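Let me begin by presenting the structure, written as structure tokens, before commenting on it.
The values are calculated or read from the model by the stated rules, or taken from the named source; none is laboratory data. A quick note: this is a predicted structure, and the numbers were derived from the prediction, not measured. Virtual Cβ from ideal backbone geometry, glycine too; neighbours counted across all protein chains shown. We work out accessible area using only protein heavy atoms, side chains counted, and drop any ligands, DNA or RNA first. Shrake-Rupley method; radii C 1.70, N 1.55, O 1.52, S 1.80 Å.
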Amino acid sequence: MLNKNPAWRYVAVLGMLLLALLYALPNLYSEDPALNISATRGGTISAEASSALNQQFAAANLVVKAQTLTDNKLLIRFANTDAQLKAREIASRVLGDKFVVALDLASATPAWLQAIGAEPMKLGLDLRGGVHFLMAVDMKAAIDKNLTDLAQTLRSELRDNKLRYRSVQLDLARQQVVVNLRSTEDLSAVQAALKQYDHNLQLSVQSDGLAVQVALSEPQVKQIREYALAQNITIIRNRVNELGVAEPLVQRQGADRIVVQLPGVQDTAKAKEILGATATLEFRLVDEQSDVAAAQAGRVSPDAGLYHSRDGRALLLEKTIMLTGEHITGASSGYDEYGRPQVNIKLDTQGGEMLSARTKDAVGRRMASVFIEYKPGTETGADGNPVLVKQQEVINDATISQRLGRDFVITGLSSPSEAQNLATLLRAGALIAPVQIIEERTIGPSLGQENISLGTAAIVWGMAAVLLFMLVYYKAFGLVANIALVANLVLIVGVLSMIPGATLTLPGMAGIVLTVGMAVDANVLIFERIREELAEGRSVQQAIHLGYDRAFATIADSNITTLLVALILFSVGTGPVKGFAVTLAIGIITSIFTAVVGTRLLVNLWWGGRRLQSLPV
């Protein structure tokens with residue numbers, strides 16, 4: 001019989017709509033201003049710290065709406081943003097730099113919805129906002145690192161050329177490397193070797209002729225600055241990808257600034273820790289010949305440096321760096337045979353060859369892994385920002401049992417979470433120069449609350465106008481189209497909520513408004529085709545059947561071409577353009593489903609298989 005459907009189709013379509021409605025429901029719940037507090041470097045949040053915070057909040061007359069401790073992260077909810085901002089000041093003062101205190105918007109979605117993974121859509125910075133970081137790149141540290149590498153290279157060059165010299169000293173205050181000679185007879189040969197190594201270096205000779213001062217040229221310094229900024233932007237993008245943030249903005253601002261915007265971010269504490277950390281590794285041999293006690297008393301060997309391990313042990317490490325973190329291409333957290341956390345390291349070809357060559361004659365000696373991090377200190381620089389302080393500690397030292405290659409492991413970590421964080425940082429890449437978060441804020445809509453209201457109003461009034469037109473012009477069939485239109489909107493919101501990392505932007509809302517018009521356009525084509533079939537004298541059931549079948553080709557052609565345009569926009573566009581393309585593509589697919597499949601089921605349910613003389617169309 002024409003226009004009759006089996007029951008399973010109705011059940012399947014109804015199940016899809018209910019599933020979309022279920023995942024769309026969290027968008028009806030508001031979000032609470034909150035503080036997200038987590039311990040740095042694998043520490044823990046104690047009950048004493050939580051109690052001290054509550055006492056300070058009570059003294060400041062701040063009402064805590066709710067407080068939960070999950071996975072070593074303390075989430076404190078407040079009634080409004082004013083209380084949230086005051087609470088952050090108090091928490092930062094009470095907890096100090098051992099904890100990350102970040103602003104957050106905590107979802108108020110009921111637990112039963114969260115249990116099935118239902119979360120509200122993330123809104124872009126132009127709608128709800130997100131977290132905004134302004135980061136400063138320490139260019140002096142980048143130049144200092146290049147000078148340090150240059151000093152080591154010059155020592156090797158002079159030795160390879162069999163040239164005599166007394167010492168190669170690093171003078172970071174004057175931004176130069178000083179090569180001290182044994183006699184003036186070696187001056188010309190040393191100058192020739194240095195020029196042959198790099199003709200761009202600026203050489204000057206002291207008046208006594210016993211020292212050559214080597215400095216970087218202006219083009220070299222400029223190149224180092226540009227490279228440090230560009231490479232840091234790339235690495236920060238990699239770190240943002242590790243966080244799984246949708247549609248992030250990472251771009252240059254000025255000569256040494258990087259802007260990072262993370263729309264709809266949920267875990268701002270982790271974002272701040274991962275992005276703000278300037279973490280890398282250095283591998284050095286342990287100096288077992290010198291006296292550690294003498295070094296602690298201030299008599300440190302000129303070829304070694306005094307370091308401390310996590311358990312407080314003092315270690316003397318050779319100044320020569322065997323390998324740095326820039327050669328790390330892969331890092332993953334795991335466990336050793338005793339269940340202790342470790343990080344599995346994979347090096348690039350150059351790094352593997354370097355480590356292999358340098359550990360060839362070091363079998364039986366101890367090698368230390370030095371974790372280096374830069375954090376804001378108490379002193380303020382000339383630009384008004386806190387000066388970065390280099391913090392370093394030995395996370396493990398072990399005996400080299402065999403010649404090392406491209407793969408090895410790091411042990412001695414305090415917890416699995418620290419191993420995972422260290423692996424994330426190393427996998428994303430070691431920053432070329434330290435960065436400091438000089439500005440952090442959770443920002444509201446860039447176009448203001450008025451634009452959010454106008455965007456919502458555009459969707460509501462657009463839908464209302466279409467619903468009214470369809471009801472008046474197509475009568476009962478118009479009611480069917482209106483039901484499909486509402487179902488289409490539910491499907492769009494549900495799908496956007498189900499897609500991990502999907503972010504709704506203001507252009508995305510424009511895509512929804514456009515989809516509303518396109519969705520009803522398909523129904524207009526179908527209904528007009530049914531009218532034509534009735535006018536040609538066909539029966540009601542034949543008109544319905546032929547109307548849907550013959551209109552489908554036109555609907556498919558128009559929507560497929562629009563879908564191809566949306567895919568092109570998504571592939572070549574960035575930021576807001578991608579947001580528009582995503583909602584448009586989803587809307588096209590859902591509108592075809594509701595206009596063709598959904599309305600057909602309703603029409604067949606109400607008028608299909610019946611002997612009728614006319615249709616209310």
Here the residues within region 141-175 that are more than 21 Å from Asp303 (Cβ to Cβ) and either touching a strand residue (DSSP E or B) at 6+ places or on another chain (Cβ under 9 Å) or touching a residue at least 60 places away in the same chain (Cβ under 8 Å) (or both) are Ala141, Ala142, Ile143, Asn146, Arg174, Gln175
Among residues of region 399-416 being small (Gly, Ala, Ser) and modelled with pLDDT under 75, the residue most open to solvent (accessible area, probe 1.4 Å) is Ser414
For region 196-222, the count of residues that are more than 19 Å from Glu157 (Cα to Cα) and either aliphatic (A, V, I, L, M) or loosely packed, with under 12 Cβ neighbours inside 10 Å (or both) equals 6
Checked pairs for region 531-542, first β-branched (Val, Ile, Thr), second surrounded by 16 or more Cβ atoms within 10 Å (Cβ to Cβ), C-beta under 6 Å and 6 or more apart or across chains, list as Val540/Leu615
Exception for Ala173 within (1) surrounded by fewer than 16 Cβ atoms within 10 Å (Cβ to Cβ); (2) of a type in the set (A, V, I, L, M, F, W, C); (3) within 30 Å of Thr456 (Cα to Cα) falls at (3)
The lone condition Phe99 fails out of (1) closer than 25 Å to Pro416 by Cα; (2) in contact with an Asp or Glu (Cβ under 9 Å, 6 or more places away or on another chain); (3) open to solvent by less than 50 Å² (accessible area, probe 1.4 Å) is (2)
Every listed condition ((1) in contact with a strand residue (DSSP E or B) (Cβ under 8 Å, 6 or more places away or on another chain); (2) open to solvent by 30 Å² or more (accessible area, probe 1.4 Å); (3) hydroxyl-bearing (Ser, Thr, Tyr)) holds for Thr503 save (2)
Taking region 154-169 and keeping only residues that are open to solvent by 50 Å² or more (accessible area, probe 1.4 Å) and touching an Asp or Glu at 6+ places or on another chain (Cβ under 9 Å), one is left with Arg164
Heads up, the strands (runs of 3 or more DSSP E) in region 51-119 (entirely inside) with at least 3 residues that are under 16 Å from Asn36 (Cβ atoms) and modelled with pLDDT of 85 or more are 64-70, 73-78
Note on region 76-127: residues of a type in the set (Val, Ile, Thr) and within 24 Å of Leu506 (Cα to Cα) are Thr81, Thr109
Considering every residue within region 126-136, establish whether at least one is in contact (Cβ under 8 Å) with a residue 40 or more places away in the chain, in contact with a Leu (Cβ under 9 Å, 6 or more places away or on another chain), open to solvent by less than 20 Å² (accessible area, probe 1.4 Å) and part of a loop (DSSP other than H, G, I, E, B). yes
A careful count of residues in region 440-486 that are under 22 Å from Gly130 (Cβ atoms) and modelled with pLDDT of 85 or more gives 0
* Asked: Being open to solvent by 30 Å² or more (accessible area, probe 1.4 Å) and touching a Ser or Thr at 6+ places or on another chain (Cβ under 7 Å), is that true of even one residue in region 312-320?
  -> no
When region 455-466 is checked residue by residue, the ones that are loosely packed, with under 15 Cβ neighbours inside 10 Å and over 29 Å from the mean Cα position of the chain (by Cα) are Ala457, Val460, Trp461, Ala464, Ala465
For this session: Confirm whether Ala87 is in contact (Cβ under 8 Å) with a residue 60 or more places away in the chain and surrounded by 15 or more Cβ atoms within 10 Å (Cβ to Cβ).
Result: no
The number of residues in region 345-374 that are under 18 Å from Asn396 (Cβ atoms), open to solvent by 50 Å² or more (accessible area, probe 1.4 Å) and under 24 Å from the mean Cα position of the chain (by Cα) is 1
Worksheet item: In this structure, does Ala193 turn out to be open to solvent by 20 Å² or more (accessible area, probe 1.4 Å), aliphatic (A, V, I, L, M) and over 26 Å from Val435 (Cα atoms)?
Response: no
Of the candidates Ser51, Ser38, Ser46, the one satisfying the condition of being of a type in the set (Ser, Thr, Tyr) and either under 30 Å from Phe593 (Cα atoms) or in contact with a strand residue (DSSP E or B) (Cβ under 8 Å, 6 or more places away or on another chain) (or both) is Ser38
Ala142 meets each of (1) under 30 Å from Val178 (Cβ atoms); (2) surrounded by fewer than 16 Cβ atoms within 10 Å (Cβ to Cβ); (3) of a type in the set (Gly, Ala, Ser) with one exception, condition (2)
Within region 9-20, of all residues that are open to solvent by 80 Å² or more (accessible area, probe 1.4 Å) and modelled with pLDDT of 90 or more, the one farthest from Trp606 (Cα to Cα) is Leu19
